[in-house]
Structure formats: C-alpha cells, structure tokens
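Colleague: Submitted below is the structure of interest, expressed as structure tokens.
The values are calculated or read from the model by the stated rules, or taken from the named source; none is laboratory data. None of these values were measured; they are calculated from a predicted model. Every residue, glycine as well, gets a Cβ built from its backbone with ideal geometry; the counts of neighbours run over all protein chains shown. Surface accessibility is based on the protein's heavy atoms, side chains included, excluding ligands, DNA and RNA. Shrake-Rupley method; radii C 1.70, N 1.55, O 1.52, S 1.80 Å.
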Amino acid sequence: MPHQRFPKIEILSVEPHEIRFILSETDVSVANTLRRIMIAEVPTLAIDLVEFHENSTVLNDEYIAHRLGLIPIRFQAQDSVRGGDCHGQFLPHNECLCYDRCPRCSVEFELDVNFDNVAPTRPESEQGLPLTVTSRDLVRHK
C-alpha cells in the first residue's frame, strides 16, 4: 500500500512555463489534489460577458453564453509566433482601474455566422445538415 502522506516526486525537466515530473507511492486523491491546485494557479482567459445583437437560432441566449464561457481561450501576443503566458499581459477585471473595460483587462471577440452565407460553400452532401459553429468562428475585435 502506498504511503499517502509521503509521496515521491521525480522531476524530469523544468522550463519557464512547464514542469515534467513523475508522482509515485501515493494514491489517486493526492494526484487529484495536485492537479486541482495546478489548474487553479494557471492564469487563464475566459468569456464572462456576452452581448447579443441578434440570435436567430433555436438556442436561447443564456445557453449560448454559458457554452461560450466553456471555450478555452489561448493568448497569443501580437509579436509572438506561438501562444504564451497571459499572466503579465492582463489584469483581472476587478483589479483594473478602468471604469468599464479596457485592453488591459479584456479582449473582445465577435461571432457572426450566417447559415445562408456559409451554405453555398459547403459540399453537396452537407447542404441540408445543421451548421456547426466552433471556436474558430470567434474573431478578435480590434
């Protein structure tokens, strides 16, 4: 039986934004605790305010807003080739000194998908099928 109170951690590599390790001689609860702590401490971006101008779908606004909030958003600085750490780039909205929203504490996206505009470009076998909207359809509003 592993000793839950004395787990062993073998560090394989350490990089600025990544650490690789092996956790052994413990049970699943300790591994899950470490996983939850790591998730909570990683700075993330999420959609938390959604404004609708027109919703012509059968889904109600609250459902769509909730689903948008579940989309993981990768931060990529304008001078970067790959995604990076958003921690130094953004402030939590409640810590920002702006009145409403500013580029320091928020990012605006626009989602404008129209079935009638997309349908002619779809393959003939997909013409009558529902249109799938994904995170690729989110466009950063500048």
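Colleague: Could you look through the range 113-132, keep only residues that are among the hydrophobic types (A, V, I, L, M, F, W, C) and open to solvent by 70 Å² or more (accessible area, probe 1.4 Å), and pick out the one that is nearest to S56 (Cα to Cα)?
Modeller: F115
Colleague: Kindly indicate whether any position in the range 61-71 is open to solvent by 80 Å² or more (accessible area, probe 1.4 Å), under 30 Å from D137 (Cβ atoms) and assigned to a loop (DSSP other than H, G, I, E, B).
Modeller: Yes, the range 61-71 has at least one match.
Colleague: Considering only the range 100-123, state which residues are touching a strand residue (DSSP E or B) at 6+ places or on another chain (Cβ under 9 Å) and closer than 16 Å to T134 by Cβ.
Modeller: F109, E110, L111, D112
Colleague: Are there any pairs, at least 6 apart or on different chains, whose C-beta atoms fall under 7 Å, with the first in the range 35-61 and closer than 30 Å to I9 by Cα and the second open to solvent by 80 Å² or more (accessible area, probe 1.4 Å), and if so, which?
Modeller: The qualifying pairs are P43/H87.
Colleague: Please work out which residue is modelled with the lowest pLDDT, limiting yourself to the range 89-142 and to residues that are within 21 Å of F52 (Cβ to Cβ) and in a helix (DSSP H, G or I).
Modeller: For the range 89-142, the residue satisfying everything is H93.
Colleague: Follow-up question, since we're still on this one. Return the residues of the range 16-45 that are open to solvent by 100 Å² or more (accessible area, probe 1.4 Å) and assigned to a strand (DSSP E or B); say none if nothing qualifies.
Modeller: The answer is R20, and nothing else.
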